[in-house]
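Enquirer: One structure, as structure tokens, below. Some questions next.
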Amino acid sequence: FTNLRGRVHKGYHSGYLSVRAPLHAVLREARRVLFTGHSMGAIYASMAAVDWAASNPDKAAMLFGFGSARCGDREFSEYRPPNLGGTLVFNTGDIAGTWPPCKGYQHLTWVEKVYVTREGGTMGQNHSARSYVDALLTAQR
């Protein structure tokens, strides 16, 4: 059982379910939580943030993800517990944000989206966590 609404990619969902119980146990006493991740970690952070915030409506949660693929359908992507805020950062030179290429999958609609451009030459370099950090640091100057 989770508090996720709609449909998410089967592989992403089974991966999240494998860590859900221990994650919720560790966070039982937390008053506020920041969920963060890069790539698959951003997908899991998105699911965990929505699920945990919905399970703990009296506690604050924030999501901050980098280079996330699209992880759910419209219903999943539009559902936002009122105690959850978030930002997703995308590198315009990174194709990961366009995956999976399945019809109907989308990013969370309610998060703030930040777009940076950092092209390292290869798909791997453009998707690396380092390219996101470098792009954000450059944008701060």
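Enquirer: Residue under question is Leu88, and the condition is that it be at pLDDT 85 or above, in contact with a helix residue (DSSP H, G or I) (Cβ under 8 Å, 6 or more places away or on another chain) and within 14 Å of Ser39 (Cα to Cα); does it hold?
Expert: Numbers: at pLDDT 85 or above: yes; in contact with a helix residue (DSSP H, G or I) (Cβ under 8 Å, 6 or more places away or on another chain): yes; within 14 Å of Ser39 (Cα to Cα): yes.
Yes; evaluated as a whole, the condition is true for this residue.
Enquirer: Strands (runs of 3 or more DSSP E) wholly in the stretch 50-131 with at least 3 residues that are open to solvent by 20 Å² or more (accessible area, probe 1.4 Å) - which ones? So that I can check it myself, show each step before the final result.
Expert: Values: elements: 60-66, 84-91, 112-116.
Passing ranges, in order: 60-66, 112-116.
Enquirer: Can you say whether Thr36 is out of contact with any Cys (no Cβ under 6 Å at 6 or more places or on another chain), surrounded by fewer than 20 Cβ atoms within 10 Å (Cβ to Cβ) and modelled with pLDDT under 95, as far as the supplied structure shows?
Expert: No; evaluated as a whole, the condition is false for this residue.
Enquirer: Just to verify a result, which residue in the stretch 92-122, among those that are in contact with a Ser or Thr (Cβ under 6 Å, 6 or more places away or on another chain) and among the polar types (S, T, N, Q), is nearest to Asn56 (Cα to Cα)?
Expert: Looking at residues that are in contact with a Ser or Thr (Cβ under 6 Å, 6 or more places away or on another chain) and among the polar types (S, T, N, Q), I get Thr109.
Enquirer: Taking the condition outside any loop (DSSP other than H, G, I, E, B) and within 29 Å of Val133 (Cα to Cα), does Gly15 pass?
Expert: In short, yes.
Enquirer: Does Arg28 fit the bill of being open to solvent by 70 Å² or more (accessible area, probe 1.4 Å) and not β-branched (Val, Ile, Thr)?
Expert: Criteria met by Arg28.
The values are calculated or read from the model by the stated rules, or taken from the named source; none is laboratory data. What you see is a predicted model, and the numbers here were worked out from it, not measured in a lab. Please note: Cβ atoms are built from the backbone with ideal geometry, for glycine as well, and neighbour counts cover all protein chains shown. Keep in mind that these areas ignore ligands, DNA and RNA; they rest on the heavy atoms of the full protein, side chains included. Shrake-Rupley method; radii C 1.70, N 1.55, O 1.52, S 1.80 Å.
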